[in-house]
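Worksheet for the structure shown next.
The values are calculated or read from the model by the stated rules, or taken from the named source; none is laboratory data. Just so you know, these numbers come straight off a predicted model, no measurement behind them. Here the Cβ is made from the backbone with ideal geometry for all residues, glycine too, and neighbour counts use every protein chain on show.
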Amino acid sequence: MRELCRTNSLLDIRNTENTEAFKAFVCVVLPAVVRKLHFRNNRCHKPISNSDFVSIPDEAFGLLILENNFDKWEKYVANGRKCDIAKKTQTKFAPTERSTNWASNTAALTRYNAYYHMIQQRRLDSEQQDLEKEIMDSFQEEPGNKIRRTGKRRFAEMDGTTEGNEEPMPPLPIAAIDSFA
């Protein structure tokens, strides 16, 4: 993903040779765009191209945010969170380093429209639908997710051990227990 950002090639993020970059974008940027809770609740059973999950404008805006802030974020990573160099770094579409009005910049709007049209075309591609299914399946396989392929949740999956807990429950006492006695 870094190489795509550095070379101004984010329009190619949905190409097959950039599959890992697209997966990173889905895992890192999209949750913040569509709200983390919404993302977490839908990632295991809805493909990214489902408009109830991630709309085309959401995905295009996520790419625009990534492109706009990439240089600043790179400096934060390289120099630490409280780095003055990163704070003073101008984002790509901002007129000044302190500007918060970057999204209405003509260049940003043009780039957003380019992302929108690319996403609209690529989502119809069967390769992209296979990739989205692969990403959805990988989310299902993560430990702690409620949805599993087998439909069952075993104790071994929750604590990370490889042995299953197949023991039957102990028999319940026959006589009723009076807890007030």
Of the conditions (1) surrounded by 12 or more Cβ atoms within 10 Å (Cβ to Cβ); (2) assigned to a loop (DSSP other than H, G, I, E, B), ARG111 fails just one. Which one is it? (2)
Residue set THR91, THR106; condition more than 30 Å from MET136 (Cα to Cα), surrounded by 12 or more Cβ atoms within 10 Å (Cβ to Cβ), out of contact with any Pro (no Cβ under 7 Å at 6 or more places or on another chain) and not small (Gly, Ala, Ser); output residue THR91
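Would you point out which residue out of ALA94, ALA86, ALA103 is modelled with pLDDT under 80, in contact with a Lys or Arg (Cβ under 8 Å, 6 or more places away or on another chain), closer than 23 Å to ALA32 by Cα and of a type in the set (A, V, I, L, M)?
Of ALA94, ALA86, ALA103, the one residue that is modelled with pLDDT under 80, in contact with a Lys or Arg (Cβ under 8 Å, 6 or more places away or on another chain), closer than 23 Å to ALA32 by Cα and of a type in the set (A, V, I, L, M) is ALA86.
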Can VAL33 be described as among the β-branched types (Val, Ile, Thr), assigned to a helix (DSSP H, G or I) and crowded, with 17+ Cβ neighbours inside 10 Å? yes
Check region 56-78 and report whether any residue there is out of contact with any Ser or Thr (no Cβ under 7 Å at 6 or more places or on another chain), modelled with pLDDT under 85 and farther than 24 Å from ALA107 by Cβ. yes
Exactly one of these conditions fails for PHE139: (1) out of contact with any Cys (no Cβ under 7 Å at 6 or more places or on another chain); (2) among the aromatic types (Phe, Trp, Tyr); (3) at pLDDT 80 or above. Give me its number. (1)
Per the filter on region 20-52, residues under 16 Å from ILE119 (Cα atoms), of a type in the set (D, E, K, R) and in contact (Cβ under 8 Å) with a residue 40 or more places away in the chain are LYS23
Yes/no for PHE70 being of a type outside the set (Gly, Ala, Ser) and touching an Asp or Glu at 6+ places or on another chain (Cβ under 9 Å): no
Close pairs (7 angstrom Cβ cut-off, 6 or more residues apart or separate chains): over 24 Å from ASN113 (Cβ atoms) in region 55-81, among the small types (Gly, Ala, Ser) and part of a helix (DSSP H, G or I) anywhere: LYS75/ALA86; TYR76/ALA86; ASN79/ALA86
Kindly indicate the residue of region 1-19 that is over 19 Å from ASP71 (Cβ atoms) and in contact (Cβ under 8 Å) with a residue 12 or more places away in the chain and also surrounded by the most Cβ atoms within 10 Å (Cβ to Cβ) among those meeting that condition. ARG14
Can you pull out every residue in region 56-82 that is charged (D, E, K, R) and closer than 25 Å to GLN121 by Cα? ASP58, GLU59, GLU67
